[in-house]
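What follows is a short report on a single structure.
The values are calculated or read from the model by the stated rules, or taken from the named source; none is laboratory data. Values in this document were obtained by computation on a predicted structure and should not be read as measured data. Every residue, glycine among them, receives a Cβ derived from its backbone with ideal geometry; neighbour counts consider all protein chains shown.
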Amino acid sequence: MKLNDRGLLVVISGPSGVGKGTVRKALFNMPNHNLVYSVSMTTRKIRPGEVDGRDYYFVSKEEFENRIKEGKFLEYAEFVGNYYGTPLDKVNENLDRGNEVVLEIEVEGAQQVKKKMPNCVSIFLVPPGKQALYDRLRHRGTESEEIIEQRVQKANREFKKAKYYDYIVVNDEVNNAADRIMAIIRAEHAKTERSIHKYMELIGEDEE
Ligand code: 5GP
């Protein structure tokens, strides 16, 4: 029996280099869920192995700025010299279908989403230690020293934003982190405040 018509908006955020992408992929590989990933739009260059339309929609700065003017983003942010944003229409479409929509975004964007859609669930993914994160950023190997340094500085500022989130999940091991996130999503979905209206409707009673 399904008690919620509209899906849940799940925001996964955390400092640059914490492994959000890897954890998100592990989450989607788990069985029995109706999670849909919201593919973001960005102006950054495509990296080797990335696919346009799967990892991101890669667009020019001009196109991105036009879409900002047209109000087509749920949120957007500038991150180390590039724009990143969540296309609004797809998010709403999927929530209306009853799917859980997962956003994997940086902290400024996450704060905008929380303001616009306060009943979303926000999860802050953290590394088991700062050094682990610095090592990851350095060993990604696809960026120049200058960009890596900017990402390290950015991560240092982002660490402090944890208090704005509903949940904090440690990424000590990818599958553990994905398990914890799935447990949060399932528990949130069953929360009384999300399902009471539908439940009372089902049993044909008015709420007291
Ligand atoms: P990367 O360039 O490593 O793919 O992403 C850089 C940062 O931008 C990451 O922290 C990633 O989570 C974040 N990001 C990806 N898509 C979006 C988005 O649509 N909006 C916001 N605000 N951040 C995003």
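Listed conditions (1) in contact (Cβ under 8 Å) with a residue 12 or more places away in the chain; (2) part of a loop (DSSP other than H, G, I, E, B); (3) within 11 Å of the ligand (Cβ to nearest atom); (4) surrounded by fewer than 18 Cβ atoms within 10 Å (Cβ to Cβ) are all met by Ser16, apart from (4).
Among the conditions (1) at pLDDT 90 or above; (2) assigned to a helix (DSSP H, G or I); (3) among the hydrophobic types (A, V, I, L, M, F, W, C), Val102 misses just one, which is (2). Checking segment 46-64 against the condition returns a match, with at least one residue being more than 14 Å from the chain's Cα centre (by Cα) and crowded, with 19+ Cβ neighbours inside 10 Å. Evaluation of Glu158 against the conditions (1) modelled with pLDDT under 95; (2) more than 30 Å from Pro48 (Cα to Cα); (3) surrounded by 16 or more Cβ atoms within 10 Å (Cβ to Cβ) shows that the sole unmet condition is (2).
Among residues of segment 184-199 that are modelled with pLDDT of 85 or more, none has a beta-carbon under 6 Å from a residue that is surrounded by 14 or more Cβ atoms within 10 Å (Cβ to Cβ) and assigned to a helix (DSSP H, G or I) at least six positions away or on a different chain. With respect to the conditions (1) near the ligand (Cβ under 9 Å from one of its atoms); (2) at pLDDT below 95, Tyr84 lacks only one, and its number is (2).
Please specify each residue of segment 19-48 satisfying the condition of being on the phi > 0 side of the Ramachandran plot and free of Cβ contacts under 8 Å to residues at least 60 places away in the same chain. Break it down stepwise before answering.
First, pick out the residues of segment 19-48 that are on the phi > 0 side of the Ramachandran plot: 19, 32.
The one that is on the phi > 0 side of the Ramachandran plot and free of Cβ contacts under 8 Å to residues at least 60 places away in the same chain: Asn32.
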